[in-house]
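Chemist: Mind looking over this structure? Questions follow.
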Amino acid sequence: MAKRPETIETTLLALELLRRIPRGRKTTAKELHEQLLHAGIERDLRTIQRHLEMLCTHFDIECDLRSRPYGYRWLEGSKGVSLPMLTPQESLILAMAEAHLKPILPSRLIRSMTGFFTQAHRNLHDSATGRLEAEWPDKVRVVATSQPLLPPPIAEGIFESVSEALYLNRWLKITYRNASGKESENSVMPLGLAQQGPRLYLVCRFEGYNNERSLALNRILAASISTFTFVRPAEFNLKKYDDDGRFGFGEGHQVYLTFEIDRTAGFHLIESPLSLDQTHREIGNQRLEFSATVVDSAMLKWFLAAFGEAVSNVQRQPVVEGNATE
C-alpha cells in the first residue's frame, strides 16, 4: 500500500490557501505565507509554493509566470470550490469591523484576515444579493463630539511593533520624545492600547517601576520588540484605568461636583448625564443646577471651562469611602 500523505494537515492547508486566493487581483506565495503565519499556521515558503502548484493543477487558479514573484488568482467566472462563503450580512460586519477596529487590532491579526476582508468587500460591491448590505456603510456614521482633528502621523513600523509586543506580552524598547521635545530611551512593559479621538496611546510600565503611564504613539520615534516576555500584572485593569480618569489626566480621585449652568447650554446633560447618581433642579426659568459624583481630572476642568460664563458656582467636595461628602 502506498504511504498516505499527511492527509489532514495537507487538506487543511489546501483549504486555507483556497480561501485566501483572491478573485480580481493577484497574490503571491510570500503574501499567503505571511497571512498563514499570522493566523498561527506555520509552514515554510517552499511548502506553500508546492501546494500552490498542486492547486493550480486541480482548480481554476491562474498562475502568472511572466515575472517574479508569481501571482495567483481565481480565474474570472470560476465557481471556486464548495467552501463556506461569507453571507452579505457577514461581509458587512467584516467590512465595518475593518474600518472601525483596524487602529486598535494587532497588526498580525489584520494581516491574517486580509483575504477575508478582500472577500467581504468584493461580496458587497459585486453581489446583487448584497445590495442592501452594500448601502449600509453609507447610511451610518460615527461623528465627533468636539472640533474634529486629524490624527497625528505615527512613524512607520511603530504601531506594528507596539501591537505585536502588546499581543505577545514582550518588553518593548522605545525612543520617546515628550511634549517638551526631550528624547529618552526606555524599556517598557506594554499593558494596553487606547484610542482617544484621533490619537492612540500606549499604557505601559517603565522598567523598574510599578505605576502606569500613557504614551502617545505619535511621539514614539523608534520601537523594537525584545525577546524577553513578562507576566502581565494581575492587578492592572485597563477598564479601571480608564474609569479612574487616567486618560483625562486624573488620578482616580472622585469628587462630588455641583455647578449652575444656563438652561440652553446644559439641557443636554439631562439626557446624557455625567454619572449614574446625577441630579438636577430648576433655578428659575433660565438656569439649572447639577450635582454628580465624578473623577476629578484636567478633562473635567476643560469640560466646564468650555461653557465659559454659562457656568457658575462650581464646587467640588472630595468623596470619602463612597460617601458623597466628607
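Chemist: Calculate how steeply helix 7-20 sits against the longest principal axis of the alpha-carbon atoms of the chain, using the helix alpha-carbon long axis, and give the answer as 0 to 90 degrees to the nearest 10.
Modeler: 60 degrees
Chemist: How many nm is it between the label spots at Tyr167 and Gln196, if each spot is 7 Å from the Cα in line with the beta carbon?
Modeler: Going by the 7 Å Cα→Cβ label model, 2.6 nm.
Chemist: Relative contact order for segment 88-138 using alpha-carbon pairs under 8 Å, separation at least 6, rounded to a whole percent? Don't skip to the end; give the middle numbers.
Modeler: On the way: 36 pairs, mean separation 27.1, N = 51.
Rounded, it is 53 percent for segment 88-138.
Chemist: Whole-Hz Karplus ³J(HN,Hα) for segment 263-276, in order, using 6.51 cos²θ - 1.76 cosθ + 1.60 and θ = phi - 60°, x for Gly and Pro?
Modeler: So the Karplus estimates, Gly and Pro as x, are 4, 4, 6, x, 4, 5, 6, 5, 7, 10, x, 6, 7, 5 Hz.
Chemist: Follow-up question, since we're still on this one. Relative to the first principal axis of the alpha-carbon coordinates of the chain, what is the inclination of helix 29-38, with its axis defined by its Cα atoms, in degrees from 0 to 90 and to the nearest 10?
Modeler: Roughly 50 degrees between the two axes.
Chemist: Contour minus end-to-end for Thr175 and Leu150, with contour as 0.36 nm per residue of separation and end-to-end as the Cα-Cα distance? List each step's numbers first, then the result.
Modeler: Working: separation 25, 0.36 × 25 = 9.00 nm, distance 2.36 nm.
Stretched out fully, the Thr175 to Leu150 stretch lengthens by 6.6 nm.
Chemist: Counting only trypsin sites (Lys or Arg not before Pro) that sit in a DSSP loop (anything but H, G, I, E, B) with at most 13 other Cβ atoms within 10 Å, what is the longest stretch of the chain containing none of them? Mind showing how you got there, number by number?
Modeler: Working: sites that count: Lys3, Arg25, Arg66, Lys79, Lys139, Arg141, Lys182.
With trypsin sites (Lys or Arg not before Pro) excluded where exposed in loops, the chain gives 183-326 as its longest stretch.
Chemist: Can you bin segment 99-150 into rounded, prolate or oblate? Criterion: square roots of the alpha carbon gyration tensor eigenvalues sorted a ≥ b ≥ c, rounded for a/c under 1.5, prolate for a/b above b/c, oblate for the rest. List each step's numbers first, then the result.
Modeler: Details: a/c = 3.89, a/b = 1.19, b/c = 3.29.
Oblate is the answer for segment 99-150, as a/c is 1.5 or above yet b/c matches or exceeds a/b.
Chemist: Separate question: For segment 184-239, compute Rh as the Kirkwood radius over C-alpha pairs and then the Stokes-Einstein diffusion coefficient at 20 °C and 1.002 mPa s; write the answer in µm²/s, rounded to an integer. Kindly include the intermediate steps, with their values, before the conclusion.
Modeler: Numbers: Rh = 12.3 Å.
The diffusion coefficient I find is 174 µm²/s.
Chemist: Once the piece of chain linking Leu269 and Thr57 is laid out straight, how much longer is it, given 0.36 nm per residue of separation minus the C-alpha distance between them?
Modeler: Numbers: separation 212, 0.36 × 212 = 76.32 nm, distance 6.59 nm.
So the extension gain works out to 69.7 nm.
Chemist: How tilted is helix 45-58 with respect to the longest principal axis of the chain? Cα atoms for both, answer in degrees (0 to 90, nearest 10).
Modeler: 60 degrees
Chemist: Now, a different point. Rank Pro137, Ala165, Leu150 by how far each Cα sits towards the positive end of the charge dipole of segment 122-173 (+1 on Lys, Arg Cβ; -1 on Asp, Glu Cβ) and give me just the farthest.
Modeler: Farthest towards the positive pole: Ala165.
Chemist: Once the Cβ-Cβ distance between Asp64 and Thr229 is put in as r, and R0 is 41 Å, what FRET efficiency do you end up with, to the nearest 0.05?
Modeler: Values: r = 42 Å, r/R0 = 1.02.
In this case the efficiency is close to 0.50.
Chemist: What relative contact order, as a whole-number percentage, does the chain give when Cα pairs under 8 Å and 6 or more residues apart are counted? Walk me through the numbers before you get to the answer.
Modeler: Working: 480 pairs, mean separation 35.0, N = 326.
The normalised contact order for the chain reaches 11 percent.
Chemist: Out of segment 223-267, which GluC sites (Glu not before Pro) are coil in DSSP terms and have no more than 11 other C-beta atoms within 10 Å? Could the numbers behind the result be given before it?
Modeler: Working: sites: Glu235, Glu251, Glu260; in loops: Glu235.
Answer by residue number: Glu235.
Chemist: What's the FRET efficiency of Asn210 with Gln315 using the Cβ-Cβ distance as r and R₀ = 30 Å, to the nearest 0.05? Walk me through the numbers on the way to the answer.
Modeler: Details: r = 35 Å, r/R0 = 1.15.
So the FRET efficiency works out to roughly 0.30.
Chemist: Something else about it: Peptides 303-309, 36-42: what's the order by average Cβ count within 10 Å, highest mean first?
Modeler: On the way: 303-309: 11.4, 36-42: 14.6.
Result, highest mean Cβ count within 10 Å first: 36-42, 303-309.
Readers should treat all values here as calculations from the given coordinates under stated rules, not as data from a laboratory. This is a predicted model, so every value here is computed, not measured. Cβ coordinates were reconstructed from backbone atoms using ideal geometry, including for glycine residues, and neighbour counts include every protein chain displayed.
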